[in-house]
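What follows is a short report on a single structure.
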Amino acid sequence: MDGAQAGRLPNIMLADKRQIRHSFSRAALTYDKQALVQRRVAGRLLDLLEASGCSRPGHVLEIGCCTGLLSQTLVHRFGSMAALHLNDLADELFPLVRRRIADFRGSCSFLGGDFESVPIPGRYDLVVSSSTFHWFHDLEHALEKTAGLLKPKGFLALSLFGPDNLRELRILTGKGLDYISLDSLRDLLEERFLISACEEERQRVYFATVDDLLVHLRQSGVNCLSTKGWSRTALERFREEYELRFRETKGVGLTYHPMYIIARRQYPAGRTNDSRILSGNHEDHIHLRH
């Protein structure tokens, strides 16, 4: 790698699933400390779900449970669930999740593997996923698979990151994931779902130094920007350019772009209902100190 090159055209990447598994497994003990945005996103997702009328789901599937931030909140808010089924690419995280939801009285099972390819048994009243679907290679197929796992009128609660996510890294390195827009996501869903809530926001996280930002990326597993193989000169150039372009009064900033969809499975396809569309473009600020 040549190092940071400002002004380069984006190099759209497909997520390396092996690298994702390695990164999140390595970050298991530090993820919760760094994942302030992901925690807030999970809470907002469940707020929207409850406001859309989902109060007592019986059988629930969570896709991409990671360390259990959302799983734990699900158990606290929907403790009457009969069964909670948890899927994640990094199944070595499951013992950590199990400890977090030890007080859950319903049935709990772990389904390890890549959701895009691993068979998922059963039908569910609720399928929920936070901060996961943007990693998938074929989002349309993943949404089709999700629709097939839901009972009629079952709920889908989905949050994922949008095109402005980690925009600063994309600007400096020219690399980033192919994030879908909220409008395009709605278009994919409306054939099979009635959408009841739809929202996006930008959250800015501030760090004292660029090195603190790099630690955040590594310790949260979100290290799409790998400095492995960079020369000392290239890394210093990245620091200098980041400071120059993204230093603000509050610190050096990093943008997250969470998007939220709450929808219900419909049969037959073809109808839409925009009776409660929440479309926002909010900006929030978070400070991380090391």
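Points worth noting:
- Residue match in region 206-214 (condition: over 30 Å from Arg247 (Cβ atoms) and in a loop (DSSP other than H, G, I, E, B)): no
- Of all residues in region 52-69, those satisfying the criterion of being of a type outside the set (Val, Ile, Thr), within 17 Å of Asp125 (Cα to Cα) and either in contact (Cβ under 8 Å) with a residue 24 or more places away in the chain or part of a strand (DSSP E or B) (or both) are Ser52, Gly53, Cys54, Arg56, Pro57, Gly58, His59, Leu61, Glu62.
- Qualifying residue in region 195-203 (condition: in contact with a helix residue (DSSP H, G or I) (Cβ under 7 Å, 6 or more places away or on another chain) and outside any strand (DSSP E or B)): no
- Any pair with Cβ under 7 angstrom, 6 or more apart, that starts in region 105-134 at a residue that is closer than 16 Å to Ala157 by Cβ and ends at one that is surrounded by fewer than 16 Cβ atoms within 10 Å (Cβ to Cβ) and not charged (D, E, K, R): Asp125/Gly58
- Region 160-186: number of residues that are among the acidic types (Asp, Glu) and part of a helix (DSSP H, G or I): 2
- Residue among Leu160, Leu86, Leu149, Leu69 that is at pLDDT 95 or above and touching a Lys or Arg at 6+ places or on another chain (Cβ under 8 Å): Leu149
- Residue list for region 151-182, restricted to those being touching a Ser or Thr at 6+ places or on another chain (Cβ under 6 Å) and within 15 Å of Arg245 (Cβ to Cβ): Arg167
- Applying the set (1) assigned to a helix (DSSP H, G or I); (2) more than 28 Å from Glu50 (Cβ to Cβ); (3) in contact with a Leu (Cβ under 9 Å, 6 or more places away or on another chain) to Arg237 leaves exactly one unmet item: (3).
- Test: Pro119 is out of contact with any strand residue (DSSP E or B) (no Cβ under 7 Å at 6 or more places or on another chain) and over 23 Å from Leu160 (Cα atoms): no
- Within region 53-66, being within 13 Å of the chain's Cα centre (by Cα) and modelled with pLDDT of 95 or more holds for Glu62, Ile63.
- Reported count of residues in region 165-190, each being of a type in the set (D, E, K, R), closer than 24 Å to Ala51 by Cβ and surrounded by fewer than 18 Cβ atoms within 10 Å (Cβ to Cβ), is 2.
The values are calculated or read from the model by the stated rules, or taken from the named source; none is laboratory data. As the structure is a prediction and not an experimental result, all values here were calculated from the model. Cβ sites come from the backbone with ideal geometry, for glycine too, and all protein chains shown count toward neighbours.
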